[in-house]
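**Student:** Dumping the structure here so I can ask a few things about it.
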Amino acid sequence: MFESLWLQLQHPNTQWVLAGTLLLGTASGVLGSFVLLRKQSLIGDAMAHSALPGVCLAFLFTGQKSLPFFLLGAALAGLLGTFCIQLIPRLSKTKEDSAIGIVLSVFFGVGIILLTYIQQQGAGSQSGLDSFLFGQAASLVRQDIILIAGISAVLLLLCIVFFKEFTLITFDLAFAKGLGIPVRFLNGLLACLIVCAVVIGLQTVGVILMAAMLITPAITARYWTERLTGMIIIAGITGGVSGVAGTLLSTTMKGMATGPLMILSATLLFLFSMICAPKRGLAAKAIRLMRLRRRTSREQVLLAIYEQYEKNNLCVTVESVRKKRRLSPSLCLKALNDLEQERCIERIENGIWQITSKGIEKGYHTALKQRMYEVYLMHEMELANIESDQDYFDPDRLPRETRERLYSLLKLYGRMPERRKASHDAEKGQIANEF
Amino acid sequence: MFPVELDNVTVAYHKKPVLQDISLQVPEGKLIGIIGPNGAGKSTLIKTILGLVPRASGDISIYGKDYKDQRTRIGYVPQRGSVDWDFPTSPLDVVLMGRYGRIGLLKRPKKADVEMAKAALTKVGMHDYAKRQISQLSGGQQQRVFLARALCQNADIYFMDEPFAGVDAATERAIMTLLAELKEKGKTVLVVHHDLQTAEDYFDWILLLHLRKIAFGPTENVFTIENLQKTYGGRLTFLKDKVLAEGHKE
């Protein structure tokens, strides 16, 4: 199989197609990032569908099959479609999503009618038009690729030049207007670029699937980065890789269309990212949640044990903990085992534990911190200041006066944790020094 | 010459007037609260002055000139909910956007711009968060990022749309300190505000608005039961408290 692939790759035609799909994947990935962030994914789909009548009309007017005219027709029809989508909600009570639905199907319907008309009229030379429905990369010739490459290069260049402005109007349009940035012009320009990115993909991927080529690389990229620059670069690479992968797959599998294989490759990359990406991926999220749950339950169990100890009850069982904290028995047992390993409690006999001096010490600090936080929340208006505004509550980072005020409040409410037996262990402790 | 002057401004959405015949002469160097019930047109008023909403009639001038010539003298803090906070960017980059108006088209931010953005973040106590993802910020922190961005605009007049809405106590204080500082520097600040309890303490001047101007002037003159009743239609429990309090004083 690899040998035949290698042979195919020697073929100049394959190389041209490969170059074409690479460039077009990259361009649509980059522009797709803006489409996604502007929440215009569906508009991208509508743009692609409404390009079909443009292609047909271009053929009817010129009477020949030439990609430049097709692209021009597609771009004009795509822009008209987008314009209608923006106009309909303004003129009527129709919401944007309904407008998208209407425009997409009407334009596509007209396109199909024109396509059928052309096919009934003409001889063999016209029959290639229906390749715009699902795309046909094999039909790309050298000039087509040069055209696609040229447009992609211009698109990428304009994206770099206007990066700052495109970012601003995508993030905060009203603010951009307030700054006096030519928002209308930039919005129009970006829309034109997006239409161009859609249009150059039509011959390869087709009107029906093109939206996926725009959106999938962008969503994939979003999983791996928190920066727009990073997202755009990764989306470009993902798009390019999907293009190449789709082309290679279709060369090895005879008769398989390139466009759908490109989309499938992009989707595989997306699925992989959705599950495996660090931080944003599903697996990472699940692990984080599990760890958090385990840590919280351990803390809760320790608090329950400490409260028991405050009432001079040293004997700990799953039941005694669950009386104070609503935990599932298995989670509770797991937490108790964890605590035993940390030597906060020791096992007296099966199912019965006793708090150790280390456990008292740790429980004291946990209880103190938690109760300080409770009191802090009760008196937030009075105590709040900008320094303490952290992601998590840490008494050691509070200013001294605030901390002392919290201590006196704790005493007032009778919530100050006691440290009778632990006192000799805790002399080194930081909080102990405060008294 | 007034920082902001409105002359018979009317704004209409879909035939229905939202703001009617508003004439204002906003004094320089004051902290001004724009107060009124929901749907009174508070945000619309700000947006109209900023040219974000077209007006049906009337004139607006900023320091005697058209708004378009005075853009760099204006800073704007939109409502926090107006943007997508899951956007892949950092607080530092958002604050830098405040400089875009001065940097100009097609040019990159310079080192001085970055320094200024960092200084603004420090001022609102967000220095440690400069490189975080903005979705990790709390509501109050997001609000402070927006404030820092406006500070970066280095303007003479600031418009803030509900900066106190849904923020924590720490942010509320930070905003108040910042407003006081701006006032000290002689800047004019207009703030859309919906909390009557705090309005009296926060602002020097108050504009009571309900589709039209009810009253505008120094807080002690404007913030009266009669005016508030005109603005809110007398349905407010707050009013009862205020009546009691004033009766008590007498």
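The values are calculated or read from the model by the stated rules, or taken from the named source; none is laboratory data. This is a predicted model, so every value here is computed, not measured. Every residue, glycine as well, gets a Cβ built from its backbone with ideal geometry; the counts of neighbours run over all protein chains shown. Surface areas here come from the heavy atoms of the whole protein model, side chains and all, with no ligands, DNA or RNA. Shrake-Rupley method; radii C 1.70, N 1.55, O 1.52, S 1.80 Å.
**Student:** Tell me, which helices (runs of 4 or more DSSP H) wholly within region A:318-408 include 1 or more residues that are within 30 Å of B:T122 (Cβ to Cβ) and at pLDDT 85 or above?
**Tutor:** Qualifying helices (runs of 4 or more DSSP H): A:357-378.
**Student:** Based on this model, can you work out whether A:T238 counts as surrounded by 22 or more Cβ atoms within 10 Å (Cβ to Cβ), closer than 21 Å to A:L67 by Cβ and either in contact with a Phe, Trp or Tyr (Cβ under 7 Å, 6 or more places away or on another chain) or away from chain B (no Cβ under 13 Å) (or both)?
**Tutor:** The answer is no for A:T238.
**Student:** Here's another thing I want to ask about it. Suppose we keep only residues that are of a type in the set (D, E, K, R) and assigned to a helix (DSSP H, G or I) within region B:113-142. Which one would you say is nearest to the other protein chains (Cβ to nearest Cβ)?
**Tutor:** B:D128
**Student:** Looking at A:L190, A:L214, can you tell me which residue is of a type in the set (A, V, I, L, M), in contact with a Lys or Arg (Cβ under 9 Å, 6 or more places away or on another chain) and not in a loop (DSSP other than H, G, I, E, B)? Talk me through it step by step, then tell me what you get.
**Tutor:** Details: A:L214 fails: in contact with a Lys or Arg (Cβ under 9 Å, 6 or more places away or on another chain).
From the options A:L190, A:L214, the qualifying one is A:L190.
**Student:** Next question. Looking only at region A:241-259, count how many residues are of a type outside the set (A, V, I, L, M, F, W, C) and surrounded by fewer than 21 Cβ atoms within 10 Å (Cβ to Cβ).
**Tutor:** So the count comes out to 3.
**Student:** Which one is farthest from B:I74 (Cα to Cα), of the residues in region B:130-182 that are among the aromatic types (F, W, Y) and in contact (Cβ under 8 Å) with a residue 60 or more places away in the chain?
**Tutor:** The selected residue is B:F146.
**Student:** Next up: Against the conditions (1) surrounded by fewer than 22 Cβ atoms within 10 Å (Cβ to Cβ); (2) away from every other protein chain (no Cβ under 14 Å); (3) under 30 Å from A:E340 (Cβ atoms), where does A:Y309 fall short? Just the number, please.
**Tutor:** Unmet condition: (1).
**Student:** To continue, here is another question. Quick check: anything in region B:196-213 touching a strand residue (DSSP E or B) at 6+ places or on another chain (Cβ under 9 Å) and over 30 Å from B:R149 (Cβ atoms)?
**Tutor:** Yes, the conditions are met somewhere in region B:196-213.
**Student:** For the list (1) within 14 Å of another protein chain (Cβ to nearest Cβ); (2) under 24 Å from A:L24 (Cβ atoms); (3) of a type in the set (F, W, Y), I need the number of the one condition that A:F134 fails.
**Tutor:** Looking at each condition in turn, A:F134 falls short on (1).
**Student:** Could I ask something else about it? Can you find a residue in region A:140-163 that is under 27 Å from B:Q136 (Cα atoms), open to solvent by 20 Å² or more (accessible area, probe 1.4 Å) and within 14 Å of chain B (Cβ to nearest Cβ)?
**Tutor:** Yes, some residue in region A:140-163 is under 27 Å from B:Q136 (Cα atoms), open to solvent by 20 Å² or more (accessible area, probe 1.4 Å) and within 14 Å of chain B (Cβ to nearest Cβ).
**Student:** Taking only region A:280-306 into account, find how many residues are open to solvent by 80 Å² or more (accessible area, probe 1.4 Å), touching a Lys or Arg at 6+ places or on another chain (Cβ under 9 Å) and either without any contact (Cβ under 8 Å) to a residue 24 or more places away in the chain or acidic (D, E) (or both).
**Tutor:** Counting residues in region A:280-306 that are open to solvent by 80 Å² or more (accessible area, probe 1.4 Å), touching a Lys or Arg at 6+ places or on another chain (Cβ under 9 Å) and either without any contact (Cβ under 8 Å) to a residue 24 or more places away in the chain or acidic (D, E) (or both) gives 2.
**Student:** Out of B:I60, B:I32, I need the residue that is over 26 Å from B:Q141 (Cα atoms), outside any loop (DSSP other than H, G, I, E, B), open to solvent by less than 40 Å² (accessible area, probe 1.4 Å) and more than 10 Å from chain A (Cβ to nearest Cβ). Which one? Let's see the steps before the verdict.
**Tutor:** Details: B:I32 fails: over 26 Å from B:Q141 (Cα atoms).
Step by step, each of B:I60, B:I32 is checked, and only B:I60 is over 26 Å from B:Q141 (Cα atoms), outside any loop (DSSP other than H, G, I, E, B), open to solvent by less than 40 Å² (accessible area, probe 1.4 Å) and more than 10 Å from chain A (Cβ to nearest Cβ).
**Student:** Test A:K428 against the criterion of being modelled with pLDDT of 85 or more and either polar (S, T, N, Q) or outside the structural domain of A:Y309 (by the TED database) (or both), and give yes or no. Give the steps one after another, and end with the answer.
**Tutor:** Values: modelled with pLDDT of 85 or more: no; either polar (S, T, N, Q) or outside the structural domain of A:Y309 (by the TED database) (or both): yes.
Answer is no for this residue.
**Student:** Within region A:191-220, which residues are buried (at least 24 other Cβ atoms within 10 Å of the Cβ), of a type in the set (A, V, I, L, M, F, W, C) and within 19 Å of the chain's Cα centre (by Cα)?
**Tutor:** A:A211, A:A212, A:M213, A:L214, A:I215, A:A218, listed by residue number.
**Student:** Which number in (1) within 14 Å of another protein chain (Cβ to nearest Cβ); (2) over 17 Å from B:S82 (Cβ atoms); (3) of a type in the set (A, V, I, L, M, F, W, C) marks the one condition that B:A148 misses?
**Tutor:** Of (1) within 14 Å of another protein chain (Cβ to nearest Cβ); (2) over 17 Å from B:S82 (Cβ atoms); (3) of a type in the set (A, V, I, L, M, F, W, C), only one is false for B:A148: (2).
**Student:** Go through (1) open to solvent by 30 Å² or more (accessible area, probe 1.4 Å); (2) under 18 Å from the mean Cα position of the chain (by Cα); (3) at pLDDT 90 or above for B:V26 and report which single condition fails.
**Tutor:** All conditions are met except number (1).
**Student:** Something else: Would region B:14-37 turn up any residue that is closer than 27 Å to A:L168 by Cα and without any contact (Cβ under 8 Å) to a residue 40 or more places away in the chain?
**Tutor:** Looking through region B:14-37, none of the residues is closer than 27 Å to A:L168 by Cα and without any contact (Cβ under 8 Å) to a residue 40 or more places away in the chain.
**Student:** If I go through region A:324-341 residue by residue, how many of them are over 21 Å from A:K358 (Cβ atoms) and surrounded by fewer than 11 Cβ atoms within 10 Å (Cβ to Cβ)?
**Tutor:** Residues flagged as over 21 Å from A:K358 (Cβ atoms) and surrounded by fewer than 11 Cβ atoms within 10 Å (Cβ to Cβ) within region A:324-341 amount to 3.
**Student:** A follow-up question, please. Being open to solvent by 40 Å² or more (accessible area, probe 1.4 Å) and either without any contact (Cβ under 8 Å) to a residue 60 or more places away in the chain or out of contact with any Gly (no Cβ under 9 Å at 6 or more places or on another chain) (or both) is true for just one of A:K93, A:K65. Which residue is that? Give the derivation first.
**Tutor:** Details: A:K65 fails: either without any contact (Cβ under 8 Å) to a residue 60 or more places away in the chain or out of contact with any Gly (no Cβ under 9 Å at 6 or more places or on another chain) (or both).
Answer to the selection: A:K93.
Residue-wise test of (1) in the same structural domain as A:G29 (by the TED database); (2) of a type in the set (A, V, I, L, M, F, W, C); (3) under 30 Å from A:Q136 (Cβ atoms).
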| residue | (1), (2), (3) |
| --- | --- |
| A:L261 | yes, yes, yes |
| A:F272 | yes, yes, yes |
| A:A286 | no, yes, no |
| A:Q300 | no, no, no |
| A:L303 | no, yes, no |
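**Student:** Another one. Looking only at region B:78-112, which residues are at pLDDT below 90, of a type in the set (D, E, K, R), open to solvent by 70 Å² or more (accessible area, probe 1.4 Å) and assigned to a helix (DSSP H, G or I)?
**Tutor:** Residue satisfying the conditions is B:R102 alone.
**Student:** Just one of A:L193, A:L214, A:L168 is without any contact (Cβ under 8 Å) to a residue 40 or more places away in the chain and in the same structural domain as A:S50 (by the TED database); which is it? Lay out the reasoning, then the answer.
**Tutor:** Details: A:L193 fails: without any contact (Cβ under 8 Å) to a residue 40 or more places away in the chain; A:L214 fails: without any contact (Cβ under 8 Å) to a residue 40 or more places away in the chain.
Within the list A:L193, A:L214, A:L168, the selection yields A:L168.
**Student:** Inspect region A:178-190 for any residue being in contact with a Leu (Cβ under 7 Å, 6 or more places away or on another chain) and surrounded by fewer than 17 Cβ atoms within 10 Å (Cβ to Cβ) and give the result as yes or no.
**Tutor:** Looking through region A:178-190, none of the residues is in contact with a Leu (Cβ under 7 Å, 6 or more places away or on another chain) and surrounded by fewer than 17 Cβ atoms within 10 Å (Cβ to Cβ).
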